[in-house]
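The values are calculated or read from the model by the stated rules, or taken from the named source; none is laboratory data. Every value quoted in this text rests on a predicted model; they were computed, and no experiment measured them. Counting neighbours? That spans all protein chains shown, and the Cβs are built from the backbone with ideal geometry, glycine included. All accessible areas refer to the heavy atoms of the entire protein, side chains included, with ligands and DNA or RNA removed. Shrake-Rupley method; radii C 1.70, N 1.55, O 1.52, S 1.80 Å.
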Amino acid sequence: MNVRNLSFSSRASVEDPFNWAYSLEDIGYTGWEIVQEGSQCLNDENIHQVRDILETTNLTLTMHLPFSDMNIAGLNTGIHNEVMRQMQYYLEMASDLAELAVLHPGYLSAYGGQVPDKAWQVNIESIQQLCDFAEDRGILIAVENMPELPKIFGKIPDEMLDMLKEVDRKNVGMTLDVGHANTMGLVDEFVEKCLSRIKHMHIHDNHGVYDEHLPLGHGTVDWKKLMGSLSGYNGRLVTEMGSLDEGRQCLEYLKKL
């Protein structure tokens with residue numbers, strides 16, 4: 001197949017989190033998704049490196065908002081306020097660099113599990129707040145479907161659609177994570193039901209049990225069928241891999257489809 005709009009992302013902990021991005025175009029990628037985790041988190045000291053990469057390459061940048069220890073459905077007000085503060089901090093940092101930011105929905109804490117409707121509402125209100133903040137900075141919020149994990153929102157298509165409908169913002173869409181959907185056995189259903197809302201995609205493979213992040217073709221996802229079903233989709237395809245070599249494998253696999 002003709003590979004286009006292909007981005008690379010890795011949240012692997014590395015001593016130098018950015019220099020490898022200079023080689024993405026040589027491999028065949030046209031974009032980079034920076035993950036706000038660990039050493040890749042943007043700050044006043046390293047943002048000049050990201051700007052240099054974008055100024056000296058033709059890469060398109062997207063951003064994955066932080067997710068470790070982050071729960072936008074959390075019911076502890078102080079902690080939730082800090083989560084939202086950090087989300088907004090990274091949106092502000094990337095406001096002139098990226099036009100799309102991936103966001104994980106929230107999950108049920110021990111207390112949230114006792115009042116799930118309240119946690120759901122906080123989840124919705126948090127996404128609305130982030131969308132409003134992002135809209136002023138020209139950023140689309142793309143909420144990601146989740147893998148087979150307990151007590152987390154966004155694992156099935158209907159719930160994702162309900163979430164986006166209730167958020168009701170012009171600058172909200174969906175990130176379809178194919179690997180996540182495969183752990184639920186719902187890849188086809190996600191495409192059938194959600195295609196019009198999908199603005200961004202994460203692509204990686206697994207064996208349908210847990211989120212392995214394998215190179216394409218190393219698991220059970222039917223990639224040929226999937227790619228053939230994406231008529232009209234013109235967003236980015238982001239390979240979420242542990243290394244550039246795995247990213248290269250994904251690119252070669254896609255070319256052979």
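Of note:
- Unmet requirement for Glu148, which otherwise passes all of (1) closer than 25 Å to Glu189 by Cβ; (2) touching a residue at least 40 places away in the same chain (Cβ under 8 Å); (3) in a helix (DSSP H, G or I): (3)
- Scanning region 117-145 for residues that are under 21 Å from Ala98 (Cα atoms), in contact with a helix residue (DSSP H, G or I) (Cβ under 6 Å, 6 or more places away or on another chain) and assigned to a helix (DSSP H, G or I) yields Ile127, Gln128, Leu130, Phe133, Ala134.
- Looking at Ile53, Ile34, Ile27, just one residue is under 26 Å from Met70 (Cα atoms) and either open to solvent by less than 60 Å² (accessible area, probe 1.4 Å) or of a type in the set (S, T, N, Q) (or both), and that residue is Ile34.
- Residues of region 146-183 classified as over 24 Å from His213 (Cα atoms), basic (Lys, Arg) and out of contact with any helix residue (DSSP H, G or I) (no Cβ under 8 Å at 6 or more places or on another chain), total: 1
- Scan of region 219-254 for residues that are part of a helix (DSSP H, G or I) and among the hydroxyl-bearing types (Ser, Thr, Tyr), ordered by number: Tyr253
- Enumeration of residues in region 56-105 that are in contact with a Phe, Trp or Tyr (Cβ under 6 Å, 6 or more places away or on another chain) and open to solvent by 20 Å² or more (accessible area, probe 1.4 Å): Leu75, Gln88, His104
- Hey, Gly235 over 18 Å from the mean Cα position of the chain (by Cα), of a type in the set (Gly, Ala, Ser) and within 26 Å of Gly28 (Cα to Cα) or not: no
- The residues of region 188-210 that are within 18 Å of the chain's Cα centre (by Cα) and open to solvent by 20 Å² or more (accessible area, probe 1.4 Å), listed by number, are Leu195, Ser196, Arg197, Lys199, Tyr210.
- Single unsatisfied condition, Arg4 versus (1) surrounded by 14 or more Cβ atoms within 10 Å (Cβ to Cβ); (2) under 29 Å from Glu252 (Cα atoms); (3) within 20 Å of the chain's Cα centre (by Cα): (1)
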